[in-house]
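Read the figures in this text as sums done on the coordinates, not as results from a lab. Just so it is clear, the model here is predicted, and its values are computed rather than measured. Neighbour counts run over all protein chains shown; Cβ positions are idealised from the backbone, glycine included.
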Amino acid sequence: MDEVPKTYRQLADLVRSKIEGGAIQPGQILRADTLAGEYQLSRQTAQRALTVIAGEGLVRTIRGTGAVVQPRRPRRRIARGQLVTRNPHYGYVFPATSDPMEPWQAHGQPNRSYEPAPQSIADTLGVEEGSEVLRRRRVTSPVGEPPFQIADTWISPAAVADAPQVAEPSTGPGGYLDRLEEAGHGPIAWQETTRVRMPSEEEARLLEISTGLPVLEVSMVGRSAQDDRPVEVTVKVIPADRVELVTDLVRAESAEWPVPPVQPR
């Protein structure tokens, strides 16, 4: 018999164990009112417990429905190396999952539109916040899996003027990066920044996650060889429960083995 929970954390532990043990199945709907009545707790306590497990990706809260138990999703290893390679058919390949040959699928149609630039994008591209900037959006995942990442590419107005094809539905062989480099910005140099944050409501909807589940944001800024100014920013947003970052550490000369004898001073 289950130990009767007295706090929201104890209730969260109990519900988590039932989900992980299979007593509560994916697709089942959990409601704060029902849990409160079953365990003689306040609705506020039950709701806090659901918020905890939503932040772990175990349930997804849908307004008007409740907390829907999510299927177990594989956690993927992302190798954050520094090597940029090139596929002769598709163009540049950046460090991503451990199996670059795994087939991926799109969720919905890739979208291109002119959107008000968020402050971080505007600051990077050197335009005023809220200025209309070309955004190319893709929502993708490994084949057969729910949405894994949102990839938004913002291209500076000056770069669009230099390479108008980057605003077209089809950017041709090698994609928009080849068009930018052909327009005089090559070779583009990239710098990547990674941080963890909470998703917006739109991001949570597109990724089919709770707004309480943190996401990993990987931002990559591409700079022109002409003047070192940013010409594009790609922001990838991935649910935090779906990934783990992996880095192979390299020994510096000072850390060589066997340890050399210490020379007397």
Exercise for review: Name the most mobile residue of L35, L125, L134, meaning the one with the largest mean-square fluctuation, in a Gaussian network model of the chain with Cα contacts below 10 Å.
Suggested key: L35
Point to revise | Residues T34, T124, T65 arranged by fewest to most Cβ contacts within 10 Å | key: T65, T34, T124
Review point. Across the range 225-242, in residue order, what do the Karplus-derived ³J(HN,Hα) couplings come to in whole Hz, using 6.51 cos²θ - 1.76 cosθ + 1.60 with θ = phi - 60° and x for Gly and Pro?
Key: 6, 5, 9, 6, 8, x, 10, 7, 10, 10, 10, 10, 10, 10, x, 5, 7, 9
**Study point:** Among G184, G57, G37, residue whose mean-square fluctuation peaks in a GNM of the chain (springs only between Cα atoms under 10 Å)
**Key:** G37
Check your understanding: When the convex hull of the C-alpha atoms of the chain is computed, what volume per residue in Å³ does it have?
Key -> 235 Å³
Study note, to complete from the structure: Quarter of the surface of the C-alpha convex hull for the range 1-71, i.e. direction-averaged projected area in nm², equals 4.3 nm²
Practice item. Search the structure for amide H atoms under 5 Å from the amide H of T211, placed 1.01 Å from N in the peptide plane, and list their residues when 5 or more places away or on another chain. Key: T61
Practice item. Arrange H185, H107 by Cβ neighbour counts within 10 Å, fewest through most, would you? Key: H107, H185
Point to revise | Fewest-first ranking of R251, R77, using other Cβ atoms within 10 Å as the exposure measure | key: R251, R77
**Study point:** Calculated from backbone phi, Karplus (6.51, -1.76, 1.60) coupling profile of the range 32-45 in Hz, x at Gly/Pro
**Key:** 4, 4, 5, 5, 4, x, 5, 10, 6, 10, 6, 4, 4, 5
Review point. Sequence-distant or interchain residues sharing an amide H contact under 5 Å with R112, placed H: which?
Key: R137
